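In what follows, a single structure is set out as structure tokens and then discussed.
The values are calculated or read from the model by the stated rules, or taken from the named source; none is laboratory data. Source: prediction; values computed, not measured. Here the Cβ positions follow ideal geometry from the backbone for every residue, glycine too, while neighbour counts run over all protein chains shown. The area values use the complete protein model at the heavy-atom level, side chains included, leaving out ligands, DNA and RNA. Shrake-Rupley method; radii C 1.70, N 1.55, O 1.52, S 1.80 Å.
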Number of protein chains: 2
Amino acid sequence: MTKKTTIKDIAKKTGLSTTSVSRVLNGKSEKYRIAEKSKQIIEAAALELNYVANHFASSLKSGKSNTIGLIVPSLSNPFFANIASNINAEVRKYGYTTIIVDSDENVEIEKTVLQQFIARNIEGLIIIPCGKEMEHIKNVYDQGLPLVLLDRYFEELEIPYVSTDNFEGAYMAANLLINHGHKSILCIQGIIDSTPNKLRVKGFKQAMKDAGIENFKVVGDAFSVENGYSETKMMLQNKVRPTAIFTLSNTIAMGCLKALKEENIRIPQDISLITFDDHLYLDFLATPITSIAQPVEAICKIALKNLISNLNEKEKTVKQVILKPEIKYRESISNIKN
Amino acid sequence: MTKKTTIKDIAKKTGLSTTSVSRVLNGKSEKYRIAEKSKQIIEAAALELNYVANHFASSLKSGKSNTIGLIVPSLSNPFFANIASNINAEVRKYGYTTIIVDSDENVEIEKTVLQQFIARNIEGLIIIPCGKEMEHIKNVYDQGLPLVLLDRYFEELEIPYVSTDNFEGAYMAANLLINHGHKSILCIQGIIDSTPNKLRVKGFKQAMKDAGIENFKVVGDAFSVENGYSETKMMLQNKVRPTAIFTLSNTIAMGCLKALKEENIRIPQDISLITFDDHLYLDFLATPITSIAQPVEAICKIALKNLISNLNEKEKTVKQVILKPEIKYRESISNIKN
DNA sequence: AAAATATGCTCAAACGATTGCGCAATTAAA
DNA sequence: TTTAATTGCGCAATCGTTTGAGCATATTTT
């Protein structure tokens with residue numbers, strides 16, 4: 001890069017001090033009584049010299065970075081990509097900049113990124129943790145970094161989060177299957193020790209219990225297409241098959257669909273399917289898939305409101321918000337009552 | 001945030017100078033002959049005090065940020081989200097950090113973000129421009145910032161890019177329709193003055209011309225679901241309908257699908273469909289949709305290789321790479337020959 | 001034993017911005 | 001006219017690192 005213009009260059013050119021230049025360029029000319037004329041001269045010079053403030057320098061001195069960090073486990077998961085998009089737009093409204101990083105569902109990367117974020121003096125953090133560990137997050141929170149967990153949170157921690165009522169969502173889903181007469185259900189889960197997964201499984205099991213159904217299974221271990229695919233494939237090896245599948249994420253559902261298609265299993269004639277997470281494309285599938293939709297926009301809006309208020313006020317309030325999911329009823333569930 | 005540990009704290013604690021601390025912590029203890037013992041003492045202290053280097057300070061002084069910036073037009077578009085995910089992973093391999101920003105298909109935001117990136121001393125830039133303006137990009141490139149355009153580029157500029165052969169892709173798509181006997185085709189395009197769009201339209205028209213077909217139309221103006229939806233809806237008002245639709249992106253296709261479904265138009269019996277951009281879900285649709293797949297992974301890998309080599313060598317080579325797309329043949333095209 | 005080399009470490013000046021304090025010069029009040 | 005208040009601006013320290021230059025002490029070479 002060619003040498004960048006600094007505040008000094010402008011000072012030299014205008015014959016004013018760097019102090020005045022800085023003040024004008026930060027919109028503090030009123031406060032520090034810089035003459036209107038000087039202001040205009042400085043602004044003109046800045047424009048002419050194509051000045052861009054060095055973020056490092058200003059941030060180093062002022063301690064403000066005007067940046068919100070966002071860590072997501074995987075941008076190739078439409079659910080998270082969508083969240084990223086929403087957060088990004090929302091953050092801008094508050095005058096901050098988002099920097100987004102993909103942790104690739106890898107806790108080590110997550111930790112590294114977190115360090116980098118701190119090194120970059122981010123003012124607030126929105127994070128969808130991988131879900132396996134929490135100490136590092138707890139640490140930065142305790143050190144005073146305002147943050148909000150999204151989607152995956154930690155029940156035992158006193159840290160703000162915004163998520164969906166995963167228990168309820170799964171309970172609703174399972175119940176829907178039950179009400180359609182299903183008595184043999186396979187649940188393909190995601191990351192086993194993540195809170196949403198645990199709660200979804202819990203909700204699922206509770207529904208089973210309440211209905212007195214014992215013929216169910218919970219398998220799988222990742223929120224990925226591969227997991228959905230392989231678990232479905234394995235299930236299909238058995239002579240006795242469940243009548244319905246409940247996938248705990250849209251990626252898992254995608255893998256499941258792939259496996260079913262390969263084996264020519266029809267939905268819902270041969271097997272019923274319901275999944276957590278909604279997506280536009282679910283409507284256009286061979287059989288549109290019923291889903292438990294999370295209120296993504298609301299989650300993002302609330303998370304940000306929450307975060308920003310913690311940024312501004314000293315005393316932190318630990319708001320933990322759980323929003324209700326909604327069933328998007330489509331044609332993937334057959335009624336096999338009697 | 002509670003006060004962070006600085007290099008000074010470590011110096012104080014260990015009784016050594018900040019210089020030595022800095023050198024040890026940067027892995028330069030060999031080069032500057034710091035005693036092994038001192039090194040260990042310093043490392044232990046850093047660990048104990050939970051030291052994280054202030055990125056602003058070091059970047060300010062050294063001029064290195066170790067950061068690659070990525071600007072995408074919309075993370076809610078799976079195609080771009082996928083690119084972001086790939087780039088992110090690839091960048092990490094080279095030891096850099098990516099910061100991703102979503103420009104929301106808004107040139108003004110794109111300009112602002114670019115300024116912010118410069119203020120943050122990014123060392124390289126990967127950008128999928130909105131596609132409408134290029135001066136600001138040309139400017140930073142001329143000032144020496146290594147960058148690579150992805151997907152959307154500018155033919156007339158001497159700037160590195162990696163993209164797909166859009167002309168060829170569209171030509172192939174159109175030809176496929178023609179070979180199936182289609183003689184009345186609707187093309188729903190994206191951002192009109194973006195290069196990929198222009199080339200796709202050109203390829204489409206060339207195929208029409210080569211086949212002597214005059215009964216075609218090119219409509220639309222955005223790479224969005226809404227655009228696909230409304231253009232399809234409008235088309236459906238007419239008594240005379242095309243026999244095939246060619247959508248120039250997967251978002252447009254999604255909107256198109258929505259409209260077709262609402263009006264109960266079947267694919268491919270009532271109308272055939274082919275789209276640019278592939279996605280896993282296209283396989284599971286009511287009728288799996290034939291697509292022109294771009295080699296996303298290769299694009300990202302090459303772009304990064306390109307960028308990194310420009311980072312390291314002084315003299316820039318302007319590599320402009322065009323990769324071949326591939327047809328993913330599925331069942332969305334009916335044969336209506338004769 | 002003196003000279004040369006190696007070893008281990010520090011000084012202090014940057015990097016580019018922000019900011020508390022203070023000082024002229026001008027204007028208003030007494 | 002003197003004093004007080006206002007206006008307009010600059011000095012210089014500071015943020016946390018990095019780094020060229022240099023300085024003792026210890027070791028090796030002659």
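For the stretch B:1-27, a residue qualifies if it is within 10 Å of DNA strand D (Cβ to nearest atom), of a type outside the set (A, V, I, L, M) and closer than 26 Å to A:TYR141 by Cα, and the qualifying residues are B:LYS3, B:LYS4, B:THR5, B:THR6, B:LYS8, B:ASP9. Please work out which one of (1) at pLDDT below 90; (2) surrounded by fewer than 21 Cβ atoms within 10 Å (Cβ to Cβ) is the condition B:ARG120 fails and give its number. B:ARG120 satisfies every listed condition except (2).
Scanning for something more than 16 Å from DNA strand D (Cβ to nearest atom), among the aliphatic types (A, V, I, L, M) and under 33 Å from the mean Cα position of the chain (by Cα), does the stretch A:28-47 turn up at least one residue? Scanning the stretch A:28-47 turns up no residue that is more than 16 Å from DNA strand D (Cβ to nearest atom), among the aliphatic types (A, V, I, L, M) and under 33 Å from the mean Cα position of the chain (by Cα).
Condition check for B:TYR281 on (1) more than 30 Å from the chain's Cα centre (by Cα); (2) without any contact (Cβ under 8 Å) to a residue 40 or more places away in the chain: one failure, at (1). Within the option set B:ALA11, B:ALA46, being in contact with a helix residue (DSSP H, G or I) (Cβ under 6 Å, 6 or more places away or on another chain), of a type outside the set (Ser, Thr, Tyr) and more than 9 Å from DNA strand C (Cβ to nearest atom) holds for one residue only, B:ALA46. Under the condition of being more than 14 Å from chain B (Cβ to nearest Cβ) and aliphatic (A, V, I, L, M), the residues counted in the stretch A:272-309 number 10.
Does B:VAL52 count as modelled with pLDDT of 90 or more and open to solvent by less than 10 Å² (accessible area, probe 1.4 Å)?
Here the answer is no, as B:VAL52 does not meet what is asked.
Condition check for A:ASN106 on (1) more than 10 Å from DNA strand D (Cβ to nearest atom); (2) closer than 21 Å to B:LYS64 by Cα: one failure, at (2). Evaluating A:ASN82 against the criteria (1) more than 7 Å from every other protein chain (Cβ to nearest Cβ); (2) open to solvent by 40 Å² or more (accessible area, probe 1.4 Å); (3) within 17 Å of A:LEU149 (Cα to Cα) leaves one unmet condition, (1). Only one of the numbered conditions (1) more than 10 Å from chain B (Cβ to nearest Cβ); (2) small (Gly, Ala, Ser); (3) within 15 Å of A:PRO129 (Cβ to Cβ) is violated by A:GLY95, and that is (3).
Of all residues in the stretch A:13-29, those that are aliphatic (A, V, I, L, M) have Cβ atoms under 9 Å from Cβ atoms of residues that are within 10 Å of DNA strand C (Cβ to nearest atom) and open to solvent by 60 Å² or more (accessible area, probe 1.4 Å), 6 or more apart or on another chain, in A:VAL21/A:LYS8; A:VAL24/A:TYR32.
Name every residue in the stretch B:159-202 that is in contact with a Ser or Thr (Cβ under 6 Å, 6 or more places away or on another chain), of a type outside the set (Val, Ile, Thr) and surrounded by 17 or more Cβ atoms within 10 Å (Cβ to Cβ), in order of residue number.
Of the stretch B:159-202, the ones in contact with a Ser or Thr (Cβ under 6 Å, 6 or more places away or on another chain) are B:182, B:184, B:188, B:190.
Adding the requirement that they be of a type outside the set (Val, Ile, Thr) leaves B:182, B:184, B:190.
Residues satisfying the conditions are B:HIS182, B:GLY190.
The sole residue among B:VAL101, B:VAL107 that is β-branched (Val, Ile, Thr) and touching a Cys at 6+ places or on another chain (Cβ under 9 Å) is B:VAL107.
Of all residues in the stretch A:62-75, those satisfying the criterion of being farther than 24 Å from B:GLN143 by Cβ and more than 14 Å from DNA strand D (Cβ to nearest atom) are A:ILE68, A:GLY69, A:LEU70, A:ILE71, A:VAL72, A:PRO73, A:SER74, A:LEU75. For first residues located in the stretch A:114-136 and facing chain B (nearest Cβ under 9 Å) and farther than 12 Å from A:SER103 by Cβ, partners that are β-branched (Val, Ile, Thr) and open to solvent by 10 Å² or more (accessible area, probe 1.4 Å) and lie 6+ apart or on another chain with Cβ distances below 6 Å form the pairs A:GLN115/B:VAL52; A:ILE118/B:VAL52; A:ALA119/B:VAL52.
Once the stretch A:203-236 is narrowed to residues that are charged (D, E, K, R) and over 22 Å from the mean Cα position of the chain (by Cα), the residue that is surrounded by the fewest Cβ atoms within 10 Å (Cβ to Cβ) is A:GLU214. Out of all the residues in the stretch A:24-33, is one or more within 16 Å of DNA strand C (Cβ to nearest atom), facing chain B (nearest Cβ under 9 Å) and surrounded by fewer than 22 Cβ atoms within 10 Å (Cβ to Cβ)? No, the stretch A:24-33 contains no residue that is within 16 Å of DNA strand C (Cβ to nearest atom), facing chain B (nearest Cβ under 9 Å) and surrounded by fewer than 22 Cβ atoms within 10 Å (Cβ to Cβ).
Conditions (1) touching a residue at least 40 places away in the same chain (Cβ under 8 Å); (2) in the same structural domain as A:ALA211 (by TED's automatic domain parsing); (3) touching a Cys at 6+ places or on another chain (Cβ under 8 Å), marked per residue:
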residue	(1), (2), (3)
A:GLU156	no, no, no
A:ASN175	no, yes, no
A:HIS180	yes, yes, no
A:SER184	yes, yes, no
A:GLY190	yes, yes, no
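Screening B:SER59 with (1) at the interface with another protein chain (Cβ under 7 Å from one of its Cβ atoms); (2) under 30 Å from A:ILE83 (Cα atoms); (3) crowded, with 20+ Cβ neighbours inside 10 Å; (4) within 14 Å of DNA strand D (Cβ to nearest atom) gives one miss only, at (2). Would you say A:VAL52 is within 13 Å of DNA strand D (Cβ to nearest atom) and either under 26 Å from B:ILE87 (Cβ atoms) or away from every other protein chain (no Cβ under 11 Å) (or both)? Considered against the rule, which asks whether it is within 13 Å of DNA strand D (Cβ to nearest atom) and either under 26 Å from B:ILE87 (Cβ atoms) or away from every other protein chain (no Cβ under 11 Å) (or both), A:VAL52 comes out as no.
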